[in-house]
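FYI, it's all coordinate maths here, none of it is from the lab. Bear in mind that the values here come from a model prediction, so they are computed numbers and not experimental data. When we count neighbours, we look across all protein chains shown, and the Cβ atoms used for this are built from the backbone with ideal geometry, even at glycine.
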Amino acid sequence: MVRVLGWLIFLGLFMPVLAGTAAPDPHSFANFQQVRTRHLVLDLAVDFTRQQLTGFAEHQLERLDPSINRLVLDSRHLKITTVTFTNDGVHWQKAAYLLGIEDALKGQPLTIQLQNNTKAVRVYYQTTPQASGLQWLTAAQTSEKKQPFLFSQSQAIHARSWIPLQDTPANRITYQARIKTPADLLAVMSADNSANFNRNGDYQFDMPQPLPSYLIALAVGDLHFKAMSADTGVYAEKLWLDRATAEFSDTQKMMDAANQLFGKYPWKRYDLLVLPSSFPFGGMENPRLSFVTPTIITGDKSLISLVAHELAHSWSGNLVTNASWNDVWLNEGFTNYVENRIMQKVYGQPRADMELLLNVRALRNLLTHQAPADSRLQADYRGRDPDEAFHQIPYVKGQLLLLALAQHFGQAQFDQFLRDYFAHFAFQSIETESFVRYFQQQLNSKQSFSEQALSRWLTAPGLPDELALPASDAFARVSVAQQQWLAGKAGLRLLPTTQWSVHEWLHFIDLLPRELTEQQLSELDLAFSLSQSSNAEIFTAWAQLVIPLNYQPIIQPLRQFLLSVGRQKFIVPLYSELKANPQWRSWARQVYREARPGYHPLAQQQLDKLTL
Ligand code: BES
Ligand code: ZN
């Protein structure tokens, strides 16, 4: 019936889109420049048996173009059951709607008929097993193995797979939610979580600060909370709770450093949620509650720059947001810069420099095979999956541009500029042009940094020839030691490794020649137990080196690693190396078959594409 109704209004609703101007966000169907959601109310029940969210999303609207009587939302693989609307906020009636043809990238536009004075609409819906933004874990797939777990991952355009909404970073909304779960589980969101002191399966959330849709986040599991300071704490399964609070105990110090450098933290609390090891990313900057992988809990704080990174997004990204994914460097490049400033303040210049240099090495590796067009900061991802826009170019080239500006204008002056930039564009979504205009006015009014140089950074492929990078004494010493060993002048036992940090180890492994003998590999492994490393960064760097060399002792630990870790940064390169080794490829295919059900839908999609 609804479908018939839909077809009847097809012409009225749809033709203006076909005839109209180009979409303002190439990855969204939403008509947010005409009618936009300003407040979202979610009411969802979490059903672990059916692995389904059921309920409604209420959109409170702002009408920007009074001549337009339709609201277009994004959706992907959602089952829409009913749509209602209200003109007075009290009485609700059925609305005519049309779920459009599916686009492989964007999903389906959900077009809803409005009246002149419609204030809000409610979409009643269910999620489906194809939801790319949700991972449902059985009890056996969690750390504690007693209760199931659910988490969302909305960035870049996966929010639409679990909520019908205007899924574009160009629009900001406030939200409220009521989430019903099985009684013994706890739900947490990227919002004020403080109403939920009773663990009763009925939870309320409120997010009064406007955020883009990709920052809406939900997790449900056997979660417990432990405070680290008055305003910071950790949610995790019990098994991780003490280890996580010990690992992240400097979070308040990072917060203090960032406050001082870039202005007062705008989101009230800052908590961390430790996810099951299938979490496909290192971290996700969901406001008030960053999601992080347990692979950074190493016991020695060696990988906590990731916390600095997600915290840094509280300014770069969450407060000042890229208006579309073509400008993702405004989020990730600025965040890498801010992260590194925090690391300098809290852990000192030498460590921050080593981290920067490791980033630059990864960038240079990428540049050896990246398509030149995609090595520009101002990129063009129209018609492509915006998840592909996240690589070393926006992250590290973006960071290097800001570093070049800081060197040119002086650190203190540049940080002051950034502080003003965050305040000026607070709670706005902007494009690169807005940054450039503000920079030219505020910092570069005398044109001392040439317009040409800036535009080369933004629009030319590759890296500028002249890069003033810091030197690392620690790395230099590691290089010398390695050369002595390779030249047969020193045994491994004589290398000064006992004091090496994880960063120095990574430098050491990255620098090793790619054609070592079996004998040399065994010697290294015997001396340093690299195949047994519990640090996922070291293990992955080592495994990537030895897989092409058919080094048998890696087989068992590698299998174990691939079956227990779902972070794409590690598993995608590992499977790629395995695929490239004809002797190990079919073994890898078997491991993947076994591991796949435990991987996140996004990781599954990536790895399926690899065609092991
Ligand atoms: N926003 C990203 C995570 C992300 C990337 C989500 C791509 C969706 C698509 C997050 O802030 C991030 O950059 N995480 C990095 C860690 C960081 C230290 C570089 C990660 O996950 O490895
Ligand atoms: Zn980031």
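Cross-link candidates for K397: which aspartates and glutamates have Cα within less than 15 Å, leaving aside residues fewer than 8 places away along the same chain?
D327, E332, E339, E355, D374, D465, E466
Within 10 Å, count the other beta carbons around each residue, average over each peptide in 447-458, 79-90, 135-146, and list them highest first. Kindly include the intermediate steps, with their values, before the conclusion.
Numbers: 447-458: 13.3, 79-90: 15.1, 135-146: 16.7.
Those peptides, ordered most packed to least, come out 135-146, 79-90, 447-458.
May I ask you to evaluate 6.51 cos²θ - 1.76 cosθ + 1.60, the Karplus curve with θ = phi - 60°, for each residue of the stretch 583-595 and list the ³J(HN,Hα) values in order in whole Hz, giving x for glycine and proline?
Computed from phi, the couplings for the stretch 583-595 are 6, 10, 4, 6, 4, 4, 4, 5, 4, 4, 4, 6, 7 Hz.
Rounded, prolate or oblate: which fits the stretch 278-363 when a ≥ b ≥ c are the square roots of the eigenvalues of the alpha-carbon gyration tensor, with rounded for a/c under 1.5 and prolate only if a/b beats b/c? Display every interim value, and only then the final one.
Details: a/c = 1.63, a/b = 1.24, b/c = 1.32.
Here the stretch 278-363 falls in the oblate category.
Give the whole-number value, in cubic angstrom per residue, of the convex hull volume spanned by the C-alpha atoms of the stretch 137-218.
On the way: hull volume 7.9 nm³, N = 82.
With only Cα atoms used, the stretch 137-218 gives 97 Å³ per residue.
Shape call for the stretch 116-178 from the C-alpha gyration tensor, a ≥ b ≥ c root eigenvalues: rounded (a/c under 1.5), prolate (a/b greater than b/c) or oblate?
prolate
For K94, which lysines qualify as cross-link partners when the Cα separation must be under 28 Å and same-chain residues fewer than eight apart are set aside?
K79, K106, K119, K180
Roughly how tilted is helix 473-486, in degrees to the nearest 10 and between 0 and 90, from the longest Cα axis of the chain?
50
Give me a comma-separated list of calculated 3J(HN,Hα) values for the stretch 102-113, in order, Karplus coefficients 6.51, -1.76, 1.60 applied at θ = phi - 60°, integers in Hz, x for any Gly or Pro.
6, 9, 4, 8, 8, x, 10, x, 10, 9, 10, 6
Under a point-charge model restricted to the Cβ atoms of Lys and Arg (+1) and Asp and Glu (-1), what is the dipole moment magnitude of the stretch 228-293 relative to its Cα centre, in debye to the nearest 20? Could you put the intermediate results ahead of the total?
Numbers: 7 positive and 8 negative charges, 37 e Å.
That gives the stretch 228-293 a dipole magnitude of about 180 debye.
The stretch 343-377 to the stretch 444-515: how many Å between their Cα centroids?
Taking the Cα centre of each part, the stretch 343-377 and the stretch 444-515 sit 9 Å apart.
So how far, in whole Å, is the C-alpha centre of the stretch 78-110 from the one of the stretch 571-594?
43
Compute the angle between helix 411-424 and the longest alpha-carbon principal axis of the chain, please, reported from 0 to 90 degrees and rounded to the nearest 10.
20
Quote to one decimal, in nm, the extra length available between L492 and V90 on full extension: 0.36 nm per residue of separation minus the C-alpha distance between them. Working shown, then result.
Values: separation 402, 0.36 × 402 = 144.72 nm, distance 7.64 nm.
Fully extending the segment from L492 to V90 adds 137.1 nm.
Mean residue ellipticity at 222 nm from the helices of the chain, using -39,500 (n - 2.57) per DSSP H segment of n ≥ 4 over the full residue count, to the nearest 500 deg cm²/dmol? Write down the numbers at each step before the final one.
Details: 19 runs with 222 residues, N = 612.
That comes out to -11000 deg cm²/dmol.
Read phi for every residue in the stretch 548-558 and hand back ³J(HN,Hα) as whole Hz from Karplus 6.51 cos²θ - 1.76 cosθ + 1.60, θ = phi - 60°, with x for Gly and Pro.
Going residue by residue, I get x, 9, 6, 7, 4, x, 7, 3, 5, x, 5 Hz, with x marking Gly and Pro.
Quickly rank 521-529, 400-408 as a protection proxy: mean count of other C-beta atoms within 10 Å, highest first. Kindly include the intermediate steps, with their values, before the conclusion.
Numbers: 521-529: 16.2, 400-408: 19.3.
Top to bottom by mean Cβ count within 10 Å: 400-408, 521-529.
Note the angle between two axes, namely the Cα long axis of helix 432-442 and the longest principal axis of the Cα atoms of the chain, as a number of degrees from 0 to 90, rounded to the nearest 10.
70
Near K264, which lysines are there with a Cα under 19 Å away, not counting those fewer than 8 places off in the same chain?
K253, K345
Starting from the Cα gyration tensor of the stretch 26-104, take the square roots of the eigenvalues, sort them a ≥ b ≥ c, and report rounded, prolate or oblate (rounded when a/c is under 1.5, otherwise prolate if a/b is larger than b/c, else oblate).
Since a/c reaches 1.5 but b/c is at least a/b, the shape of the stretch 26-104 is classed as oblate.
Rounded to the nearest 5, what is the percent of antiparallel bridges among the DSSP beta bridges in the chain? Walk me through the numbers on the way to the answer.
Numbers: 65 of 84 bridges.
Percent antiparallel among DSSP bridges in the chain is about 75.
Over 48 Å, how big is the tail of the calculated P(r) for the chain, in percent of all Cα pairs? Don't skip to the answer; put the middle values down first.
Details: 25279 of 186966 pairs.
It works out to 14 percent of all Cα pairs.
Strictly greater than 20 Å: what percent of every Cα pair in the stretch 397-524 meets that? Walk me through the intermediate numbers first.
Working: 4944 of 8128 pairs.
Considering the stretch 397-524, 61 percent of its Cα-Cα pairs are separated by more than 20 Å.
Once the principal axes of the Cα atoms of the stretch 493-610 are found, what is the range along each, listed largest first in whole angstroms?
The Cα atoms of the stretch 493-610 stretch 46, 28, 20 Å along their principal axes.
Post the alpha-carbon centroid distance, the stretch 519-539 to the stretch 126-159, in whole angstrom.
If we compute the Cα centre of each part, the gap is 34 Å.
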